[in-house]
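Asker: So that we are looking at the same thing, I have put the structure below in structure tokens.
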Amino acid sequence: MIRFDNVTKTYLRGQSPALANLDLEFARGEFVFLVGASGSGKSTLMRLVLKETVPTTGTVYVAGKDLSRIQSWRIPTLRRDIGMVFQDFRLLPSKTAYQNIEFALAVIGTPRRVVRKLVPEMLEMVGLEDKGRRLPHELSGGEQQRVAIARAYVNRPSILLADEPTGNLDPATAQGILDLLEQINERGTTVVMATHDRTAVDRMRKRVVELSGGHVVRDEQAGTYASVAPGSVISGNLEDGDALEPGSHAWEQAPADVEDEALFDPTEGDLLDEVEQAFAPDDDDPFRDPVPGEYLTEEDAR
Ligand SMILES: Nc1ncnc2c1ncn2[C@@H]1O[C@H](COP(=O)(O)OP(=O)(O)OP(=O)(O)O)[C@@H](O)[C@H]1O
């Protein structure tokens, strides 16, 4: 699903690499924790998957595609199949919970009838069916993260990248978020989560990949947070020089396949047909050309 083939990423000349000679593979359907001290390269790894930054040397493959061979105008199409969740939620502040989720569907021209069906289903999945009308500031941190997860998942991405999604939450709330990510993973989405949350990693017993200085120093199935050096937990932000473009995140670009079972009630055959039609033509190819008019403006989406 995701493969790094001898990948080195050096942001600035003379600086030591953020990732060095990385050989790593995440299989379809895996749940992987990325751990490691601040600055060890976790966010860089995720940004490479989204093609928000490019390797200095080496090759990144997503769904069998060499990302270096994808032309820039096709990148939004790549990102449609990758959901992204952040520590700071990144909801649209002037839109309600419902509208934040709706937006991810509307930007790819999903029919209104389908949107009206899917958004309430998503709100229900994340346990916020009665809070769809709330603005982000009227929700708790945990609730905002649930909306962000619903938005990242509503288009059924093959991959969900979560960068410290529980970093701003108390342990009980964090647990709820992890349960949700596990549920999404059980429905077939590959989940890669960068975290400093020792409790979560130790409890969930998933694959653990530990980075140190841009190298993989540990890769364990059913691993623990264990060997991360005490005192290394500092939440970091991206530095200048390679800033993210506004509108470059997967959820802003909007998503993906809906052909497999998961969230959809198998009895809802007509709805599934309609969803599939909405994403036609040739939706099998995640890097297909955008269809004219495929991307609606935010105004259209209302
Ligand atoms: N845009 C950038 N320009 C220059 N250097 C950068 C940039 N982004 C990251 N780095 C450097 O690359 C290294 C890896 O950073 P990265 O953000 O991937 O680490 P991280 O493991 O995600 O850290 P944290 O846990 O604090 O989020 C660090 O030394 C960092 O300073």
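The values are calculated or read from the model by the stated rules, or taken from the named source; none is laboratory data. In this text, all values refer to a predicted model and were calculated from it rather than measured experimentally. Counting neighbours? That spans all protein chains shown, and the Cβs are built from the backbone with ideal geometry, glycine included. Accessible surface areas use protein heavy atoms only, side chains included; no ligands, DNA or RNA. Shrake-Rupley method; radii C 1.70, N 1.55, O 1.52, S 1.80 Å.
Asker: Select from the range 12-52 the residues that are surrounded by fewer than 18 Cβ atoms within 10 Å (Cβ to Cβ), in contact with a helix residue (DSSP H, G or I) (Cβ under 8 Å, 6 or more places away or on another chain) and more than 30 Å from GLU186 (Cβ to Cβ) and list them in ascending order.
Answerer: Listed by number, the list is empty, since nothing qualifies.
Asker: Is one or more of the residues making up the range 154-166 of a type in the set (Lys, Arg), out of contact with any strand residue (DSSP E or B) (no Cβ under 8 Å at 6 or more places or on another chain) and modelled with pLDDT under 95?
Answerer: yes
Residue-wise test of (1) modelled with pLDDT under 95; (2) within 14 Å of the ligand (Cβ to nearest atom); (3) out of contact with any Asp or Glu (no Cβ under 6 Å at 6 or more places or on another chain); (4) not in a helix (DSSP H, G or I).
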| position | (1), (2), (3), (4) |
| --- | --- |
| ASP5 | no, no, yes, yes |
| ARG13 | yes, yes, yes, yes |
| PRO17 | no, yes, yes, yes |
| ASP23 | no, no, yes, yes |
| ARG28 | no, no, yes, yes |
| PHE33 | no, yes, yes, yes |
| LEU45 | no, yes, yes, no |
| LEU48 | no, yes, yes, no |
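Asker: Let me confirm something: among ALA37, ALA104, which residue is within 20 Å of ILE177 (Cβ to Cβ) and in contact (Cβ under 8 Å) with a residue 40 or more places away in the chain?
Answerer: None of the others qualify; the one that does is ALA104.
Asker: Given the criteria over 17 Å from the mean Cα position of the chain (by Cα), without any contact (Cβ under 8 Å) to a residue 60 or more places away in the chain and open to solvent by 10 Å² or more (accessible area, probe 1.4 Å), does THR110 qualify?
Answerer: The answer is no for THR110.
Asker: Quick check on the range 73-84. Is at least one of its residues within 16 Å of the ligand (Cβ to nearest atom), under 15 Å from the mean Cα position of the chain (by Cα) and in a loop (DSSP other than H, G, I, E, B)?
Answerer: There is no residue in the range 73-84 that is within 16 Å of the ligand (Cβ to nearest atom), under 15 Å from the mean Cα position of the chain (by Cα) and in a loop (DSSP other than H, G, I, E, B).
Asker: Something else now. Any idea how many residues of the range 51-99 are of a type in the set (Lys, Arg), without any contact (Cβ under 8 Å) to a residue 60 or more places away in the chain and over 23 Å from MET193 (Cβ atoms)? Write out each step before concluding.
Answerer: Applying the first criterion (of a type in the set (Lys, Arg)) to the range 51-99 yields 51, 65, 69, 74, 79-80, 90, 95.
Filter again for without any contact (Cβ under 8 Å) to a residue 60 or more places away in the chain, leaving 51, 69, 95.
Then keep just the ones that are over 23 Å from MET193 (Cβ atoms); that gives 69, 95.
So the count comes out to 2.
Asker: Right, next: Within the range 167-199, which residues are in contact (Cβ under 8 Å) with a residue 40 or more places away in the chain, open to solvent by less than 30 Å² (accessible area, probe 1.4 Å) and out of contact with any Gly (no Cβ under 8 Å at 6 or more places or on another chain)?
Answerer: Scanning the range 167-199 gives LEU180, LEU181, VAL191, VAL192, MET193, ALA194.
Asker: Do we have ARG146 as surrounded by 24 or more Cβ atoms within 10 Å (Cβ to Cβ) and without any contact (Cβ under 8 Å) to a residue 60 or more places away in the chain here?
Answerer: So ARG146 passes the test.
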